[in-house]
Amino acid sequence: MDNLNMKVLQLGKFYPIRGGVEKVAYDLMVGLSERGVHCDMMCAATQGRSRVIPINRNAHLICCHTWLKAAATMISPAMIFTLRKVCRQYDIIHVHHPDPMACLALYLSGYKGRVIVHWHSDIQKQKILLNFYRPLQNWLLSRADLVIGTTPVYLSESPYLQSVQKKSVCLPIGISPMLPDAKSVEAIRQRYMNKKIVFSLGRLVAYKGFCHLVAAAQYLGDDFVVLIGGTGALESELQREIDKLGLHEKVRLLGRINDEDLPAYYGACDVFCLSSVQKTEAFGIVQIEAMSCGKPVVATRIPQSGVAYVNANGISGLNVAPGNARELADAIQSITQDETTYKRYSAGARKRYDEQFTKKRMIDTCLEIYLNN
């Protein structure tokens, strides 16, 4: 089967795009369609009725009306009926996990063609509901012709993937490089003049470990400032901790950063820090966004997670024990201790991005997987 005769459906998650899983699915749809593959994407609409959005001559986004969101899952009966109607048009259905709604729709579709399961992460938070969903999840893995993981570590160590090792393959996430505007970068640098900027970004929730990054600031000199972008349930709690520790001059909660402003923060920072503490952080796309700007990364060695694989220890940055504020601070100081050391890590970060995590490489590898597996 060649590119021009192949029809693929990316199945799962939400639109508009809000997170890493749906961004990967969307980028695969666009990237593959630009290579001549007919590639559509079907997902739940977070707002509005069912609709089809033309993307280009080879791609359509099929949004299915949603009743409600429950336990982090969109309840969309429309996805079941729509997939059942159109599934036979496709040679491959590429389903993105975790998404119980997409899995149920596939199960009820009667589809007989090739199924590829893209295992972005295990279900971590909804433990009780997982007990009910597990038979369907087991069916999905059994039904899959191939299972894709985002890192070799996650593939080999997930307890749910042990039985499918022989039909598993790694496809690292790839992104377009961040392209900071020089004037915007300089404006941020001027705002924090004579400071080494440590930047972090993510939802302010427990598994992101921002409390440990705040605590780490105690061990950094006054020539450092820690900027944390994002919103979430723990925002007030983090601000109280910052005030309690007397760190209001050293740690700033920036709130939501607009997409157009985000590259400038990557461009302005000296180090990016991913302080996550739980396996819910399976990959950490923010790491490769920072690396694309040549910024060294300090991340954590979360058991069974791919985070420490993405950030190559001693090359693109340093990885430390999760939940250890002192180690976070020591790693930040180690990377920035002198210009020679910093330049080595900076060059290593950009090189790792170029070699492993570009969008072009992700599309190339995905197409190769479709054609050769």
Any residue at all in segment 347-357 that is more than 13 Å from Met291 (Cβ to Cβ), at pLDDT 95 or above and of a type outside the set (Val, Ile, Thr)? no
Among Ser158, Ser121, Ser168, the single one that is in contact with an Asp or Glu (Cβ under 6 Å, 6 or more places away or on another chain) and within 30 Å of Arg352 (Cα to Cα) is Ser158
Some residue of segment 99-107 being of a type in the set (Phe, Trp, Tyr) and modelled with pLDDT of 95 or more: yes
Based on what the data block shows, is Glu241 in a helix (DSSP H, G or I) and at negative phi? yes
Mind telling me which of the residues Ile335, Ile363 ends up being in contact with a Leu (Cβ under 7 Å, 6 or more places away or on another chain) and more than 30 Å from Glu241 (Cα to Cα)? Ile363
When only residues in segment 275-297 that are free of Cβ contacts under 8 Å to residues at least 60 places away in the same chain and within 17 Å of the chain's Cα centre (by Cα) count, which is nearest to Lys208 (Cα to Cα)? Gly284
By residue number, the members of segment 336-355 that are buried (at least 18 other Cβ atoms within 10 Å of the Cβ) and under 18 Å from Gly221 (Cα atoms) are Thr336
Failed condition for Tyr90, given (1) under 19 Å from Thr66 (Cβ atoms); (2) more than 24 Å from the chain's Cα centre (by Cα); (3) surrounded by 20 or more Cβ atoms within 10 Å (Cβ to Cβ): (1)
Looking at segment 12-35, I want the residues that are under 19 Å from Cys87 (Cα atoms) and have a partner that is surrounded by fewer than 20 Cβ atoms within 10 Å (Cβ to Cβ) and of a type in the set (Val, Ile, Thr) with Cβ atoms under 6 Å, at least 6 apart or on another chain. Which pairs are those? Phe14/Thr46; Tyr26/Ile17
When you go through Leu146, Leu201 one by one, which is the residue that is closer than 21 Å to Val21 by Cβ, in contact (Cβ under 8 Å) with a residue 24 or more places away in the chain, buried (at least 17 other Cβ atoms within 10 Å of the Cβ) and within 20 Å of the chain's Cα centre (by Cα)? Leu201
Contact list, first residue from segment 152-167 and outside any helix (DSSP H, G or I), second anywhere and of a type in the set (D, E, K, R), beta-carbon distance below 6 Å, six or more apart or interchain, is Ser158/Asp122
Filtered residues of segment 132-151 (kept if charged (D, E, K, R) and either in contact with a Cys (Cβ under 9 Å, 6 or more places away or on another chain) or assigned to a helix (DSSP H, G or I) (or both)): Arg134, Arg143
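The values are calculated or read from the model by the stated rules, or taken from the named source; none is laboratory data. Just so it is clear, the structure is predicted and the values come from calculations on it, not from any experiment. Quick reminder, even Gly has a Cβ in these numbers, built from the backbone with ideal geometry, and neighbours come from all protein chains shown.
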